[in-house]
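Inspection log for the structure reproduced underneath, given as structure tokens.
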Amino acid sequence: MLVALVLAPRLAAAQNADAEVLFSEADRLESKGQLDEACDAFEASNRIEARAGTMIRIGQCRERQGRLASAWSAYKDALTRAKDPAKRKLAEAAVASLEPRLSYLTVLVPDANRVDGLALSRNGSPLDPALWNRAAPIDGGVYTIGGKAPGHETWTATVEVGIDNDRASVEVPRFKELRALVDPGGGGGVVEADEDADGEGGRASRWTGRRKVALGLAAGGVVALGAAGVLGIQSMSLEDRSRELCPVAQGCASYVEAQDAHDRAASRALGANIAGATGVAVLAGAALLWFTGAPRAASSRTAWRPAVRPGFSGIDVTVRF
């Protein structure tokens, strides 16, 4: 505690100095019109030491860049820290001025289009589900909305948002399932493929991925149990040898040799116990993988394709069980 009390002021002073250097550099860059570098330097200074004044300068810099949502957010952050009445008044006026000019982007996710494990991103960064179907303030620019879900194709869309008072939206479609294959009949229909099928008539193969792993684990478990048996036999043999050399606890002529045999027997016994426990655990895991990796029962498959014949036009539907 004493060391912390002594060092804390020094660390704070060093931190303040670093923040001040970055703030001065940002001020110089902004005066030269290098807004991108200036805004980044202001934000770096604020990360080292968050101050209301720095946040206001970030807001002013972002506003000059035309990034109104970022500027508005910086002014809002300044309001949470500002104690100086003049700074509070400045931040409040900026927030009130920018709010009517903000642009919004809504990522629409209809309930019918949601699938398990759906994850969305905006320009490569995860988009929190709390922001789905919600108009969120955003800087003007071009955004790429991406989506993915297990077992489905990925999806992306591009949307452009105006700098000032724009309302843009993009709707997420229902993703296509990766297991949906084109009907080999050439009619454009869809057949549901079974991931456990062996490719011969659609029959499910018993050798699924999990079962192959289970087989390998089972072999390892058997080897471990075999090693445990060998070590156990060696341990008993060495223990018998120890008793033969020295039937009494002490005072025999071969006491040292008997003790050595006894120690080696104990070491072999420990190894047998470890190998046996490992073998049992591995075999239990293999059994679990084997039973949980059973192939799924083949479900009915439906194929459709348009058909045009003399006197008839419509859709041929084939259901296979």
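The values are calculated or read from the model by the stated rules, or taken from the named source; none is laboratory data. Everything numeric here is computed off the predicted structure, so don't read it as measured data. Counting neighbours? That spans all protein chains shown, and the Cβs are built from the backbone with ideal geometry, glycine included.
Before moving on, here are some points about what is shown:
Results for (1) surrounded by 15 or more Cβ atoms within 10 Å (Cβ to Cβ); (2) closer than 26 Å to Gly33 by Cβ; (3) at pLDDT 95 or above, shown as yes or no for each residue.
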site	(1), (2), (3)
Gln65	yes, yes, no
Ala86	no, no, no
Leu118	yes, no, no
Pro129	no, no, no
Tyr143	yes, no, yes
Pro150	no, no, no
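- Residue check for Tyr143: part of a strand (DSSP E or B), under 27 Å from Asn165 (Cβ atoms) and more than 26 Å from the chain's Cα centre (by Cα): no
- Lone qualifier among Asp40, Asp36, Asp27 - being surrounded by fewer than 21 Cβ atoms within 10 Å (Cβ to Cβ), of a type in the set (Asp, Glu), part of a helix (DSSP H, G or I) and over 33 Å from the mean Cα position of the chain (by Cα): Asp27
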